[in-house]
1. Cβ-Cβ under 9 Å, sequence separation 6+ or interchain: first residue in region 80-101 and closer than 23 Å to PHE63 by Cβ, partner outside any helix (DSSP H, G or I) and open to solvent by less than 100 Å² (accessible area, probe 1.4 Å). Which pairs?
2. Which of the residues belonging to region 50-68 are modelled with pLDDT under 90 and not charged (D, E, K, R)?
3. Return a yes/no flag: does region 105-113 have any residue that is out of contact with any Leu (no Cβ under 8 Å at 6 or more places or on another chain), in a helix (DSSP H, G or I), more than 21 Å from TRP61 (Cβ to Cβ) and open to solvent by 50 Å² or more (accessible area, probe 1.4 Å).
4. If I filter region 42-54 down to residues being in contact (Cβ under 8 Å) with a residue 24 or more places away in the chain and assigned to a helix (DSSP H, G or I), which single residue comes out as surrounded by the most Cβ atoms within 10 Å (Cβ to Cβ)?
5. For region 61-97, give me the residue count where each residue is open to solvent by less than 60 Å² (accessible area, probe 1.4 Å) and under 13 Å from the mean Cα position of the chain (by Cα).
6. Spot the failing condition for TRP37; the list is (1) open to solvent by 60 Å² or more (accessible area, probe 1.4 Å); (2) more than 18 Å from MET131 (Cα to Cα), and only one is missed.
7. Looking only at residues that are assigned to a helix (DSSP H, G or I) and either among the hydroxyl-bearing types (Ser, Thr, Tyr) or touching a strand residue (DSSP E or B) at 6+ places or on another chain (Cβ under 9 Å) (or both) in region 69-99, which one is modelled with the lowest pLDDT?
8. Starting from residues that are on the phi < 0 side of the Ramachandran plot and in a loop (DSSP other than H, G, I, E, B), keep the ones in region 119-133 and report whichever is least open to solvent (accessible area, probe 1.4 Å).
Amino acid sequence: MDAALYRIVDEPRPAALSRLAVNPLWPFFACMFAGPWLGWSWFAFNGFAFGDERRWRVLAWAFGGAALTVVVHYLCLRLGVERELSRRTLRYFMLLPVLVRMTMSYVLFVEQQRGFELYRYFGGAVKPGWMVVMAGFWLAPRLVEALPTHSLLTFLSPLFQ
């Protein structure tokens, strides 16, 4: 009777979407090849799909990473305009948003890997994600072109690169 009440704290609680769960490596590849717009949202979706105990933390990292990327991108552009930096120097400053994006992507990958391994250990089904990565790779440049150049949406462009 007591054995039936025992529950492992870290054991994932798969949701109805668990049939769509993928290895966290695929959202990480999506971050590299398509951009954080796809990768980070996929990390968040994946955490909810396989019932990760850290799913809210992953969601917070994704939103925080998006906000931090946009802020760093804006500050680099602002610094370039105010200090009248040369194009060459500004290109080096514009590596900072790339650093933030890649760091956040890696943090999300590490944050989700442990829960995914537990999910797979308990018999969870895993789908391949290469088709989504390829579709995102094809779609990302078209989304950047579609963003209006005169609005606030241009500050979201680092999330599509």
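The values are calculated or read from the model by the stated rules, or taken from the named source; none is laboratory data. All figures in this text were calculated on a predicted structure; none of them were measured in a lab. Reconstructed Cβ throughout: ideal geometry from the backbone, glycine too, with neighbour counts over all protein chains shown. Please note that ligands, DNA and RNA were not included when accessible areas were found on the heavy atoms of the full protein model with its side chains. Shrake-Rupley method; radii C 1.70, N 1.55, O 1.52, S 1.80 Å.
1. ARG101/GLY35
2. PHE50, GLY51
3. For region 105-113, residues out of contact with any Leu (no Cβ under 8 Å at 6 or more places or on another chain), in a helix (DSSP H, G or I), more than 21 Å from TRP61 (Cβ to Cβ) and open to solvent by 50 Å² or more (accessible area, probe 1.4 Å): absent.
4. PHE43
5. Number of matching residues: 6.
6. With respect to (1) open to solvent by 60 Å² or more (accessible area, probe 1.4 Å); (2) more than 18 Å from MET131 (Cα to Cα), TRP37 is out only on (2).
7. Among those residues, the one meeting the criterion is THR89.
8. Per the stated criteria, the residue is GLY129.
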